Amino acid sequence: MTDILEVREISKDENNVLAKMVSMDHEQVLFCQDRATGLKAIIALHNTTLGPALGGTRMWNYANEEDAITDVLRLSRGMTYKNSISGLNLGGGKAVIIGDSYTQKNEALFRRFGQFVESLSGKYITAEDVGISPQDMVWVIKKQIM
């Protein structure tokens with residue numbers, strides 16, 4: 001076991017995920033990857049003070065992973081404010097699936113994504129957003145991979 005010599009606080013100016021989480025005051029970010037289904041997703045929980053984080057899942061063909069991280073952090077923070085101002089006892093969260101919603105959707109991908117959502121033990125409630133259909137959400141609910 002190695003000794004930790006120094007622990008320093010992350011600067012808000014650093015260009016990394018933890019610095020972005022700190023600067024936007026996020027509680028948790030889950031990176032989801034499954035080679036078999038082609039899933040690449042990020043789930044961001046901004047704030048769960050009022051209850052589980054509520055926010056949709058978006059499937060978008062981002063130019064790069066950094067754009068996806070920036071988007072999910074921005075959107076999840078917005079959901080905290082939206083849910084709070086609406087008087088809901090819910091926090092804010094959001095998920096993004098990186099990919100083309102016209103060509104890369106499949107049942108196994110959404111079932112695998114559902115397993116990642118379920119791994120949060122009720123801390124995140126999701127729904128449809130851009131690029132996601134009601135049928136996709138049915139597959140998310142089913143969770144088991146075929």
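The values are calculated or read from the model by the stated rules, or taken from the named source; none is laboratory data. Predicted, not measured: the structure shown is a model, and the values here were computed from it. For neighbour counting, all protein chains shown are included, and Cβ atoms are generated from backbone atoms with ideal geometry for every residue, glycine included.
Restricting to region 93-126, and then to whatever is closer than 17 Å to ALA68 by Cα and either among the small types (Gly, Ala, Ser) or part of a helix (DSSP H, G or I) (or both), can you tell me which residue is farthest from the chain's Cα centre (by Cα)? Only one residue tops the list, namely SER101. The condition of being at pLDDT below 95 and either aliphatic (A, V, I, L, M) or surrounded by fewer than 19 Cβ atoms within 10 Å (Cβ to Cβ) (or both) holds for ASP3. The numbered conditions (1) over 18 Å from ILE125 (Cα atoms); (2) touching a residue at least 24 places away in the same chain (Cβ under 8 Å); (3) out of contact with any helix residue (DSSP H, G or I) (no Cβ under 9 Å at 6 or more places or on another chain) are all true for LYS40 except (3). For region 121-136, filtered to residues that are among the polar types (S, T, N, Q) and closer than 16 Å to ALA53 by Cβ, the residue that is surrounded by the fewest Cβ atoms within 10 Å (Cβ to Cβ) is SER121. The number of residues in region 80-101 being surrounded by 24 or more Cβ atoms within 10 Å (Cβ to Cβ) and small (Gly, Ala, Ser) comes to 4. Taking the options ILE97, ILE132, name whichever one is closer than 24 Å to ASN16 by Cα and among the β-branched types (Val, Ile, Thr). ILE97 is the lone residue from the list that is closer than 24 Å to ASN16 by Cα and among the β-branched types (Val, Ile, Thr). Checking region 35-56 against the condition returns a match, with at least one residue being more than 20 Å from MET24 (Cα to Cα) and part of a strand (DSSP E or B). Quick check: anything in region 63-79 in contact with a Ser or Thr (Cβ under 6 Å, 6 or more places away or on another chain) and either loosely packed, with under 15 Cβ neighbours inside 10 Å or modelled with pLDDT of 95 or more (or both)? There is no residue in region 63-79 that is in contact with a Ser or Thr (Cβ under 6 Å, 6 or more places away or on another chain) and either loosely packed, with under 15 Cβ neighbours inside 10 Å or modelled with pLDDT of 95 or more (or both). In this structure, does ARG8 turn out to be of a type outside the set (Phe, Trp, Tyr), at pLDDT 95 or above and surrounded by fewer than 16 Cβ atoms within 10 Å (Cβ to Cβ)? Criteria not met by ARG8.
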